[in-house]
Amino acid sequence: MSVIRFIVKRFIISIVTIFLLVTLSFFLLRTLPGNPFQTETLLTVEMQEKMMSYYGLDKPLFEQYLTYMQNLLQGDLGYSIKYRNRTVNEIIATSFPVSADLGLRALAVALPIGLFLGVLSARKRGKLTDYLCVLLSVIGVSIPSFILGSFLQYIFALKLQILPMAQWQTEWHTILPTIALALSLLAILTRVMRASMLEVMSQDYVKTAKAKGLSEGKIVRRHQIRNASIPILTMLGPMVTSVLMGTFVVEKIFALPGLGQHFINSITGLDYTVTLGLTVFFGIFMVFANFLVDIAYGIVDPRIRLMK
Amino acid sequence: MKETLLEVKQFKFSFDTYAGEVQAVRNISFHVKEGETLAIVGESGSGKSVAVQNVMKLIPSPPGRIIQGQIIYQGEDITHYTDRQMEQLRGKELSMIFQDPMTSLNPTMKIGDQIIEGIRNHEPIPRADAVKKAIKLLTEVGIPDPKDSLSRYPHTFSGGMRQRVMIAIALACNPKILIADEPTTALDVTTQTQILELMNDLKEKHGTSIVMITHDLGVVAKMADRIAVMYAGKIVETGTVEEIFYQPKHPYTWGLLQSIPKVSSKRMGKLETIPGTPPDLIAPPKGCGFASRCKFCMNICKEVEPESVSISASQSAKCWLLDERAPRVEREHEEVKKYS
Ligand SMILES: Nc1ncnc2c1ncn2[C@@H]1O[C@H](COP(=O)(O)OP(=O)(O)O)[C@@H](O)[C@H]1O
Ligand code: SF4
Ligand SMILES: [Mg+2]
C-alpha cells in the first residue's frame, strides 16, 4: 500500500514542480531586456515588430502564457524563433541522443572507477595509494574541461595522431570527449565515496562485524560498500541529469551536435521557445531521475522506506 | 580448580595522536577463569574499552600500539596474532557486545542475516540450518516472533531488543568468553535489569565466562564474581565482589561505592560523584594517578607510584595508605548495604 501511495504522491509533487518551473521560467525570460530580432542588424525596427507579431510575441504576456501552456499539454514545445522552420521538439530529438550517448559513456567510465578508487583510497588511508587517489581527484575537479579537452586533442589527435580530433561519427570519435567529461565526474565520485567510506569504517557495526570474526574482505563487501554508497545515490540524480543533458564546453571543443550548445545559444539569442522547451525537458528528466534515485534509496536503506 | 581461560600480563597500550602519545592502558594485568564473571569498573576514559578490545584486537594500528605485555588465551600467546589468526578466535572463542545497541547493528541489513553470517563464518552449515539456529538463538534471548524477526531491520526494534539481538549474535558460536562493554549504559533502568538477568541466565546455561565493563558498581553487584577497578589506565584495586564491597582498600574504590544510587537511602536521587577530573593520559603523573583527587593524598603519593599490595589471595590494591608507615585512615561513610 505505502509503495503505491508513495509513487502517487511523488507524481503529484513532480507535476506541480514542473508547472512552477515552466511558469517561473516563462515570465523570468521575458524580463530579459531586448527582443529576439534585435541582434540581427539587417532588420529595421519595423521589420522587427512584424516578426514579433508573426510569432505572437506582441500579444499580452498572459495570453501568450496560456497559449504556451495549452500547447505544452499536447507535448508541443513550439517553433524555434532563431532556427526558422525547426520545432523545439525536433531540436531536442536530434541533439539529445548525442548528448545522452556521450553522457552515458562518461558515466559508465566514471562510476565504477570512481567508486573503486574511493573505496581503495579510504581503505589505504594515509598510504601512498590514498595520496595518489586524492591527487587524481583534486586534479580532476580543478582542471576545467576545456583545458583537459584541448590537451587531449593536442596529444592524441595532433601529436600522436591516433584518435580523431573532433566530430561524432565512429566509436573512435567518442573516446576523447568521453575522457574529457568522465575525469571530473570520476574525481567527484572518488572524493565523495572516500569520505563516505571513512565515515562508515568508523561505525560501531563495523566493529561488530569484525568481532564476529569476518575477514576484512567480507566486512568491506557486506557492511561497508553498501552503506557508503548511500550518499552517492543522493548525488546521482542531479549528476546523471546534468551529464545526459549535455555539457556545453565539451561539446563545443569536440564540435559535437549535442544539446549543450542550445542551452547557451538560446539564452544569449533570446530564443524564448528553445530556452523554455529545454527547461521543461530538463525539469521532467530531473524529476524522473530523482524519482528513480528515491526508489533505489528505499531499496538500499530500509530506514528511509518506512518513513515515507 | 577452574582453568584460567584468559590472562593479560603487564599490558601497555597507547594511541599515537597529533597531540602526543595517549597512554590509554598503563601496565595492567588481569585474568578470567572458566565460567566466572569479571567486572571491570571505572569512570569513563579510564581505559576499560581499550583494555578489553585489545583482547580481541579490535583496535586498528595505527593509531593504536602495543607497548608491552602479553595476552594469553588458553595457554597460547595471542599478543601478536595476525588478523587471519584472530578471525578464528573472534566470534567463536571470544565474543563482544557493545555499549550502544542503536549503532552496533548494521542499519541496512536484516537482523537474521546479521546473525546467520556470524554462524556460517565459523561453521560451514547450509543456510537453512543456520536459519534454524538463528531462530533458536532469538528465542533464547527473548525476542518475540523470532521467525518473523529474522527479516526485520534493526531500526524496527527498541534499544533493549537490539541489545538482545546483539547478545544472540555474540553467543551464536558458543564462545568461551563474552566481553560486554557497558551493555546496559544506553538503556533505561527496567531494560537494564532485564538484559543483565538475561546475561546471567545464559551464563549459567552455557557456562560462558563474562567480562563485564561498567562505570556503575551497582550493576555488577548481582553479576560479578570478581571486580577490577580501573583508574587512569591502571587497575588500582582488584578482588572478589565481597572484598570490594565490604573491605575496599583504595580511596578511589571508596569514591565509586559512594556514587552508587541507593534506593533505600535518604540521599536517594542525589548521586555523589568524586570531585575533580582524571589526569591527562598524554603526560600522566609520575606518582599515584589519583593523587590530585584523593582526600588522603600524602607527599609520597605525588612522587612515587604505589606498588600493588596483596591483601588476600584474591585482593590487592595500589595505594600508599596500605604501607605500614602510613597513617591509618577509615572509610568515612556508612557500610555499603548488601545489594544482591
Ligand atoms: N582512537 C583513539 N585515539 C586516541 N585516543 C583514544 C582512542 N580511543 C581511546 N582513546 C583514549 O584512551 C583512553 C581510554 O579510553 P576508553 O578505553 O574508551 O575509556 P573507557 O572505556 O574506560 O571509558 C581515553 O583517554 C581516550 O581518550
Ligand atoms: S596512593 Fe595516595 S593519592 Fe593515591 S589513592 Fe592512595 S592515598 Fe590517595
Ligand atoms: Mg568505554
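For the condition part of a helix (DSSP H, G or I) and either away from every other protein chain (no Cβ under 14 Å) or among the aromatic types (Phe, Trp, Tyr) (or both), residue A:122 does not qualify. With respect to the conditions (1) away from every other protein chain (no Cβ under 14 Å); (2) surrounded by 17 or more Cβ atoms within 10 Å (Cβ to Cβ), residue B:125 falls short on a single one, namely (2). In region A:174-206, the qualifying residues are those that are under 17 Å from residue A:154 (Cα atoms) and hydroxyl-bearing (Ser, Thr, Tyr), and the one that is surrounded by the most Cβ atoms within 10 Å (Cβ to Cβ) is A:178. Of the candidates B:230, B:166, B:223, the single residue that is aliphatic (A, V, I, L, M), in contact with a strand residue (DSSP E or B) (Cβ under 9 Å, 6 or more places away or on another chain) and within 16 Å of ligand 2 (Cβ to nearest atom) is B:230.
Check A:241, A:234 and return the single one that is over 30 Å from residue A:38 (Cα atoms) and open to solvent by less than 20 Å² (accessible area, probe 1.4 Å). Result of the check over A:241, A:234: A:241. Would region B:98-105 turn up any residue that is within 16 Å of ligand 3 (Cβ to nearest atom), facing chain A (nearest Cβ under 8 Å), β-branched (Val, Ile, Thr) and open to solvent by 10 Å² or more (accessible area, probe 1.4 Å)? Checking region B:98-105: at least one residue is within 16 Å of ligand 3 (Cβ to nearest atom), facing chain A (nearest Cβ under 8 Å), β-branched (Val, Ile, Thr) and open to solvent by 10 Å² or more (accessible area, probe 1.4 Å). The residues of region B:59-100 that are touching a residue at least 60 places away in the same chain (Cβ under 8 Å), within 27 Å of residue B:22 (Cβ to Cβ) and not small (Gly, Ala, Ser), listed by number, are B:70, B:71, B:72, B:73, B:94, B:96, B:97, B:98, B:99, B:100.
In region B:39-51, the residues that are within 14 Å of chain A (Cβ to nearest Cβ) reach residues that are outside any strand (DSSP E or B) and more than 6 Å from ligand 1 (Cβ to nearest atom) with C-beta atoms within less than 7 angstrom, at least six apart or across chains, in these pairs: B:50/B:59.
Scanning region B:52-99 for residues being basic (Lys, Arg) and either within 20 Å of residue B:37 (Cα to Cα) or within 13 Å of ligand 1 (Cβ to nearest atom) (or both) gives a total of 3.
In region A:92-126, of all residues being without any contact (Cβ under 8 Å) to a residue 24 or more places away in the chain and of a type in the set (Gly, Ala, Ser), the one that is least open to solvent (accessible area, probe 1.4 Å) corresponds to A:126. Among the residues of region B:23-50, just one is more than 12 Å from the chain's Cα centre (by Cα), farther than 14 Å from residue B:229 by Cα and within 14 Å of ligand 3 (Cβ to nearest atom), namely B:24.
This table checks each residue for (1) touching a residue at least 24 places away in the same chain (Cβ under 8 Å); (2) within 30 Å of residue A:124 (Cβ to Cβ); (3) assigned to a helix (DSSP H, G or I); (4) in contact with a Gly (Cβ under 7 Å, 6 or more places away or on another chain).
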residue: A:219; (1), (2), (3), (4): no, yes, yes, no
residue: A:226; (1), (2), (3), (4): yes, yes, yes, no
residue: A:235; (1), (2), (3), (4): yes, yes, yes, no
residue: A:246; (1), (2), (3), (4): yes, no, no, yes
residue: A:255; (1), (2), (3), (4): yes, no, no, no
residue: A:264; (1), (2), (3), (4): no, no, yes, no
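Only a single criterion out of (1) touching a Leu at 6+ places or on another chain (Cβ under 8 Å); (2) at pLDDT below 90 is not satisfied by residue A:252, namely (1).
Scanning region B:204-234 for residues that are at negative phi, touching a residue at least 24 places away in the same chain (Cβ under 8 Å) and open to solvent by 20 Å² or more (accessible area, probe 1.4 Å) yields B:206, B:215, B:216, B:218, B:222, B:225, B:226, B:234. If the condition is being of a type in the set (Phe, Trp, Tyr) and at pLDDT below 90, then region A:129-155 contributes only A:146. Looking at region B:285-320, which of the residues that are charged (D, E, K, R) and more than 21 Å from residue B:24 (Cβ to Cβ) is nearest to the chain's Cα centre (by Cα)? Only one residue fits best here, namely B:307. Filter region A:170-215 down to residues that are within 14 Å of another protein chain (Cβ to nearest Cβ), among the β-branched types (Val, Ile, Thr) and out of contact with any Leu (no Cβ under 9 Å at 6 or more places or on another chain), then give me how many there are. The number of residues fulfilling the criteria is 2. Within region B:128-158, if we keep just the residues that are among the hydroxyl-bearing types (Ser, Thr, Tyr) and part of a helix (DSSP H, G or I), the residue that is farthest from the other protein chains (Cβ to nearest Cβ) turns out to be B:139. Restricting A:69, A:51 to residues that are open to solvent by 40 Å² or more (accessible area, probe 1.4 Å) and either in contact with a Phe, Trp or Tyr (Cβ under 9 Å, 6 or more places away or on another chain) or outside any loop (DSSP other than H, G, I, E, B) (or both) narrows the list to A:51. Just wondering, is there one or more residues in region B:299-316 that are loosely packed, with under 14 Cβ neighbours inside 10 Å, away from every other protein chain (no Cβ under 14 Å), at pLDDT below 90 and more than 16 Å from ligand 3 (Cβ to nearest atom)? Within region B:299-316 (the criterion being loosely packed, with under 14 Cβ neighbours inside 10 Å, away from every other protein chain (no Cβ under 14 Å), at pLDDT below 90 and more than 16 Å from ligand 3 (Cβ to nearest atom)), the answer is no, since none of the residues qualifies. Just give me the residues in region B:39-49 being buried (at least 24 other Cβ atoms within 10 Å of the Cβ) and out of contact with any helix residue (DSSP H, G or I) (no Cβ under 6 Å at 6 or more places or on another chain), in sequence order. B:46, B:47, B:48, listed by residue number.
Kindly evaluate residue B:24 against the criterion of being near ligand 1 (Cβ under 9 Å from one of its atoms) and in a helix (DSSP H, G or I). So residue B:24 fails the test.
Residues in region A:143-172 that are part of a helix (DSSP H, G or I), more than 21 Å from the chain's Cα centre (by Cα) and free of Cβ contacts under 8 Å to residues at least 60 places away in the same chain: A:151, A:152, A:154, A:155, A:156, A:157, A:158, A:159, A:171, A:172.
Being among the hydrophobic types (A, V, I, L, M, F, W, C), within 12 Å of ligand 2 (Cβ to nearest atom) and touching a residue at least 40 places away in the same chain (Cβ under 8 Å) is the requirement here; does residue B:319 meet it? It is true that residue B:319 is among the hydrophobic types (A, V, I, L, M, F, W, C), within 12 Å of ligand 2 (Cβ to nearest atom) and touching a residue at least 40 places away in the same chain (Cβ under 8 Å).
Residues in region A:216-231 that are open to solvent by 40 Å² or more (accessible area, probe 1.4 Å) and either facing another protein chain (nearest Cβ under 10 Å) or among the hydroxyl-bearing types (Ser, Thr, Tyr) (or both): A:216, A:218, A:222, A:226. Looking at B:171, B:198, B:178, just one residue is in contact (Cβ under 8 Å) with a residue 40 or more places away in the chain, out of contact with any strand residue (DSSP E or B) (no Cβ under 8 Å at 6 or more places or on another chain) and either in the same structural domain as residue B:140 (by TED's automatic domain parsing) or under 10 Å from residue B:39 (Cβ atoms) (or both), and that residue is B:198.
The values are calculated or read from the model by the stated rules, or taken from the named source; none is laboratory data. Remember, predicted model here, so these are calculated numbers, not experimental data. Ideal geometry is used to build each Cβ from the backbone, glycine not excepted, and the neighbour counts take in all protein chains shown. Surface areas here come from the heavy atoms of the whole protein model, side chains and all, with no ligands, DNA or RNA. Shrake-Rupley method; radii C 1.70, N 1.55, O 1.52, S 1.80 Å.
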